[in-house]
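Taking it in order: structure first as C-alpha cells, then the write-up.
What follows draws every value from the coordinates through simple rules; no lab data is involved. Quick caveat: nothing in here was measured; it's all calculated off a predicted structure. Every residue, glycine among them, receives a Cβ derived from its backbone with ideal geometry; neighbour counts consider all protein chains shown.
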Amino acid sequence: MSANSQKPQQVRIFDTTLRDGEQSPGAAMTLDQKIEVAELLDAMGVDIIEAGFPISSQGDFDAVSEIASRTKNAVICGLSRAGIKDIDRAGEALRSAKRARIHTFISTSPVHMKHKLQMGPNAVLDAVGASVTRARNLTDDVQWSAEDATRTERDFLCRCVELAIRSGAMTINIPDTVGYTTPQEYVELVRMLMESVPGAEKVVFSTHCHNDLGLAVANSLAGVIAGARQVECTINGIGERAGNAALEEIVMALKVRRDAMPFTTNIDTTMLARASKLVSNVTGFPVQFNKAIVGKNAFAHESGIHQDGMLKNVETYEIMRPEEVGVKETSLVLGKLSGRHAFRDKLESLGYDLSDEALQEAFKRFKDLADKKKHVFDEDIVALVDDEIVRGADVVVIKALKVETGVGIEPSAEMTLVVENEERSIKTTGDGPVDAIFKAIRELYPHTASLQQFQVQAVTEGTDAQATVSVRLEENGRTVTGRGADTDTLVAAAHAYVTALNKLLVKREKQVPEALTVAR
C-alpha cells in the first residue's frame with residue numbers, strides 16, 4: 001500500500017516529536033531515548049514519524065538511520081531544506097527504511113524571503129521545483145512544505161504549491177510556522193488551495209500549526225474540517241517556542257467529537273498517557289497538571305459539587321473515560337493500614353509485575369512513606385517503585401546521609417557510600433546542602449562528569465509531598481539523567497545524583513553512541 005493511500009475520512013497522524021519537538025531548548029534526546037520513543041510511536045499507530053533532520057548533525061543522521069532500520073509499520077521521514085546536499089543526506093539516512101519519506105521545505109512569506117533567505121520569488125520557485133524533483137528521484141514519497149505559509153501572499157503560495165505537485169510531491173504541508181493564524185483564516189486558506197491549485201485533488205494536504213497564541217490544536221482541526229487529511233503534531237505539544245499542536249489533544253478531539261468531525265485515526269488511544277510520560281521523562285519537561293488529556297488533573301475531581309455529580313453519573317463532568325487514554329480512574333486508594341495484597345493489586349493495576357523480593361522492598365518503602373504522608377496517591381507509588389527499580393544492581397549505593405544546614409550554619413553533609421561492596425565515608429561542606437551532598441559523592445567516587453541540570457518537582461500536593469529530583473550528568477559526550485523520589489528533597493537529590501552516576505558507569509562499559517544536539 002502506498003504511503004499516501006488512505007481510507008475515506010481517515011486522518012493521518014504525522015508525529016514530529018523527534019524533530020520539531022527536540023528543537024525545544026533543553027529537550028535534546030540521546031540515541032537510545034529516540035529509539036525508545038520511536039518504537040512506542042510505531043506501536044501506538046502513528047502513521048508517519050519524522051525522525052530527525054539528517055544534515056543538521058551526525059547524531060541526527062544516526063538517529064534517523066537507526067530508527068529507519070528498526071521501525072516496523074510507520075513511514076519514517078527525514079527533514080531537509082531545499083538544498084541538494086540536504087536532500088541527498090536525508091535520502092542516505094532513510095536508505096534502510098521499509099517506507100521512507102523525504103520532507104523538504106522552503107520559506108515563502110515576504111518577510112522570510114527577504115530577511116532569512118535573501119531570495120526573490122523566482123529564485124524560490126526554482127528551488128521548489130529543483131528540491132522536490134531531487135527528492136522524488138530518491139523516494140516515491142515526497143512531502144513539501146511552504147514555511148510561514150499563513151503569512152505568504154496567496155497567489156504566490158498557489159504557484160509554489162502547483163509547482164511542488166507538478167514536480168512530484170505527494171503531500172503538501174501548509175505550516176502556521178509562527179502560530180499567527182486563526183481557525184477561520186486557516187479553513188479559508190486550505191480550502192482556497194484545494195479548490196484553486198491544479199492537481200490538488202491528487203495530493204494530501206497537511207497541517208503544521210504552532211501554539212504561539214494557544215491556537216495550534218484549534219487551527220489543526222480547522223484544517224482537517226477544510227479538507228486536510230494529515231496533521232503534524234508532537235507528544236505533549238512540545239516544540240519550538242510555545243510548541244506544536246499536541247498529538248493527544250488532536251486524536252481525542254477527533255474521537256470524542258466524531259459527531260462534528262467525522263474522521264478516524266489509527267492511534268491506539270490507550271497508549272497516550274504512556275507516551276506522554278515517556279517523552280516527559282526523556283526530555284525532562286514536566287507535563288502541566290491541567291494539561292488536556294494527559295495532565296495529572298485531567299480526570300481529577302475535588303469540588304464537592306463535581307464529586308456528587310460523578311457519583312450519580314460520570315457523564316455529568318467527564319466527556320471521556322480515563323481508561324480511553326490509558327489513565328487509571330482512581331488516585332487515592334492506599335494508606336498506612338493497607339496490606340501487602342492490596343499493594344500488589346495496586347501495582348498490577350499500574351502496570352508493574354515485580355518479583356517477590358522486589359515487591360517486599362517496594363512494600364517496605366511504601367509503608368515508610370505512608371507513615372509520613374496523610375494520603376498516598378498513585379503518583380507516589382509510581383515514583384517510589386520506579387526509584388527502587390532504577391536502584392537495582394548498582395555499583396554505587398547510598399548507605400547513610402546526614403545533612404546540616406540553617407541560618408548561620410555552614411551547610412555540611414556526612415555520607416557513607418557502598419562502592420562495589422566497600423564502604424566509604426566522608427564529611428564535606430558546600431555553598432548549600434545540595435552542593436555539600438554532591439561534593440561528598442564526587443569525593444567518595446571521583447569522576448569527571450559535569451552537572452548539566454538539577455530540577456526539583458513535587459509529585460503530589462501538600463507539605464508532606466514527595467519530591468522528585470532530576471539530575472543530568474555529562475561526560476565525554478555521554479549524557480545521562482537520574483531521578484530520585486523522597487519526602488525529603490535532599491535525600492531525593494542524593495539518590496538522583498547516584499542514579500545518574502550508575503547509569504553513566506553502565507554507558508562507560510557499553511560505549512553507547514550518543515545523538516548530537518539538533519542544530520537550532
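To the nearest ten degrees, helix 356-372 and the longest principal axis of the Cα atoms of the chain are 80 degrees apart. Given their separation in residues at 0.36 nm each and the Cα-Cα distance between them, ALA458 and SER280 gain 62.6 nm when the chain is fully extended. When the helices of the chain are scored as -39500 (n - 2.57) per DSSP H run of n ≥ 4 and the total is divided over every residue, the value at 222 nm lands at -12000 deg cm²/dmol.
Restricting everything to alpha-carbon atoms, can you work out Rg to Rh for the range 12-283 with a Kirkwood hydrodynamic radius? Checking Rg against Rh, the ratio lands at 0.94.
Normalising by residue count, the chain has a Cα convex hull of 172 Å³ per residue. Rounded to the nearest Hz, the phi-derived 3J(HN,Hα) couplings of the range 128-137 under the Karplus curve 6.51 cos²θ - 1.76 cosθ + 1.60 (θ = phi - 60°) are 4, x, 5, 5, 5, 4, 4, 5, 5, 6, where x marks glycine and proline.
Please give me the summed charge of the neighbours of THR152: other residues whose Cβ is under 15 Å from its Cβ, Lys and Arg +1, Asp and Glu -1. Cβ neighbours under 15 Å give a net charge of -3.
Scanning residues 5 or more positions from GLN453 or on other chains, those with amide H under 5 Å from its amide H are ARG472, with H placed 1.01 Å from N in the peptide plane.
Note on the range 1-81: dipole from Cβ charges, positive end direction compared against LEU79, VAL64, SER24; the farthest Cα belongs to LEU79. Each residue of the range 47-54 was assigned a 3J(HN,Hα) from its phi angle through the Karplus curve 6.51 cos²θ - 1.76 cosθ + 1.60 (θ = phi - 60°); the sequence is 6, 10, 10, 7, 7, x, 10, x Hz, with glycine and proline shown as x. Against the chain, whose longest principal axis comes from its Cα atoms, helix 84-93 is set at around 50 degrees. Its Cα centre serving as origin, the chain has a Cβ charge dipole (Lys and Arg +1, Asp and Glu -1) of approximately 920 debye. Only loop residues by DSSP count here, and only those with at most 13 other Cβ atoms within 10 Å; note down the GluC sites (Glu not before Pro) in the range 212-305 that meet that. Sites meeting the loop and neighbour criteria: GLU302. Annotation for the range 217-288 versus the range 7-47: alpha-carbon center distance of 11 Å. Protection proxy ranking, highest mean first, for peptides 169-179, 153-163: 169-179, 153-163, where packing is the per-residue count of other beta-carbon atoms within 10 Å, averaged.
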